[in-house]
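Engineer: Please see the structure below; I have some questions.
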Amino acid sequence: MSWQIVTMGLLVGFLVGLTGVGGASLLTPILLLIGINPSIAVGTDLLYNSITKFFGTIQHWRQKTIDFKIVKYLAFGSLPGAVFGVGASYLLSHVFDDGETVLKHVLGFILIIVSVITLLRQLLDKKLGDNRWQLKPIEDKRMLLILIGAVLGFIVGLTSVGSGSLFAVAMIYLFRLSGSQLVGTDIAHAFLLVTLSAILHSGLGNIDYGLTANLLIGSVPGVIIGSSLSAKVPSKPLRTVLAALLLISGVKLI
């Protein structure tokens, strides 16, 4: 057991529980900055997220706060997209001489996008009014959801980042969901997406299971503590600070 990694998991879990910012957005850049190989960082992060999102999905399923139709249509696009994303990750790592460097740069660009999305989501949650897409039945939005799923699924399979934040903003714009439905649907879909991506990365040997175990030892109590304090601590300023940190991390990786 590495207490440094356990402590890192505790901190990431605490911040996720406190602010709702995605674990991959926080964990992947930290792993890269401490010297973990980019492919291993991505694969390990996906397995870590699969396990944590499994428990979140069960809880939201019990609470009946999952819109399974939205999950289904997003998954029709995101799961094939993830396969291509993992394939692209493999090509970058094993075919091109500077593939790992390119992957690190791609991660940097995605982190910058996620940092902007994190700030944008705070505005969208309260200031965005109804639009024509929200008023349409879900059947009229099937192809759009599949297309969004394919593009974002590719990004997640390639970088592990965005399974929550990117999809959440799309759902905010396309649907009128309560806060609990948005979170529950987002987590349930993310569980399917990151689990498939983790399995594929596992087949490529891109997962450090010892590292994952140490992270989980710390993150589970961290999420519990952070979630219990979330109602008492204003999350908006913290999200803004975290978005700034993600932006800095992204710039450093580029």
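Engineer: Give the long-range amide H neighbours of Asn206: residues separated by 5 or more places, or on another chain, with amide H under 5 Å away, using H modelled in the peptide plane at 1.01 Å from N.
Structural biologist: Under 5 Å from the amide H of Asn206: no residue qualifies.
Engineer: Per residue of the stretch 64-75, in order, report the coupling 6.51 cos²θ - 1.76 cosθ + 1.60 (Karplus, θ = phi - 60°) as ³J(HN,Hα) in whole Hz, putting x for Gly and Pro.
Structural biologist: Result, ordered by residue: 6, 10, 10, 8, 6, 5, 5, 4, 4, 5, 4, 5 Hz.
Engineer: Shifting gears a bit: Ranked from highest to lowest mean number of other Cβ atoms within 10 Å per residue, what is the order of the peptides 98-104, 26-32, 5-11?
Structural biologist: So the peptides 98-104, 26-32, 5-11, ranked by packing, come out 26-32, 5-11, 98-104.
Engineer: With springs only between Cα atoms under 10 Å apart, run a GNM on the chain and tell me which of Ser165, Ser178, Ser93 wobbles the most.
Structural biologist: Ser178
Engineer: Can you give me the relative contact order of the chain as a percent, contacts being Cα pairs under 8 Å and 6 or more apart?
Structural biologist: Values: 410 pairs, mean separation 114.3, N = 254.
For the chain, the relative contact order is 45 percent.
Engineer: Using a Gaussian network for the chain with springs between C-alpha atoms less than 10 Å apart, which of these wobbles most: Phe55, Phe84, Phe96?
Structural biologist: Evaluated over the chain, the most mobile residue of the options is Phe96.
Quick note: the coordinates plus some simple rules give every number you see, no bench work behind them. Given the structure is predicted, the values throughout are model-derived calculations rather than measurements. Neighbour counts run over all protein chains shown; Cβ positions are idealised from the backbone, glycine included.
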